[in-house]
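Note sheet for the following structure.
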Amino acid sequence: MSDKTNVSDKNNMSGKNKVGLLVLALVSVADLLTPVLTDGEHPPMEIAIGAAVIGLVSLVLVGLAWQGKRWPLAPLITLRLASALLAVPAFFASDVPTAAVAAAGVGVAATIFGVVAVLLPSRELAGVR
């Protein structure tokens, strides 16, 4: 019976919710790759490793949320917003390369989009059957 519950929960996830989870998964993969892509200075390796840890945990939470579980959403959103905040200094430091600033901007925008899409009411909450 629990299998039917999980399938039912997953079916109640709207297309917008799924798109939001996919976007958050993509920015999580980007975070996971940050230590490989950094020059060690932009971002510093310590920040890149922290971002990779956030990315890995976020991917696990996305997988659990994709299965229809609701409890991973709060920690997922918190981690993704924390990751976006780690990128904010790139907009204010003068020595950050333009490509890094652009990547930070895309990451922050994608995170905001993904979080909003995940938070949109699902079919169950909207009363659609």
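Counting only residues that are hydrophobic (A, V, I, L, M, F, W, C), open to solvent by less than 30 Å² (accessible area, probe 1.4 Å) and under 16 Å from V62 (Cβ atoms), the stretch 87-124 holds 4 of them. Within the set A84, A48, A65, the sole residue that is open to solvent by less than 40 Å² (accessible area, probe 1.4 Å), more than 19 Å from V115 (Cβ to Cβ) and part of a helix (DSSP H, G or I) turns out to be A48. In a residue-by-residue description of the stretch 30-48, the property of being touching a residue at least 40 places away in the same chain (Cβ under 8 Å) and touching a Gly at 6+ places or on another chain (Cβ under 6 Å) applies to at least one position.
The values are calculated or read from the model by the stated rules, or taken from the named source; none is laboratory data. A quick note: this is a predicted structure, and the numbers were derived from the prediction, not measured. Because the Cβ atoms are built from the backbone with ideal geometry, glycine has one as well, and the counts that use them run over all protein chains shown. We work out accessible area using only protein heavy atoms, side chains counted, and drop any ligands, DNA or RNA first. Shrake-Rupley method; radii C 1.70, N 1.55, O 1.52, S 1.80 Å.
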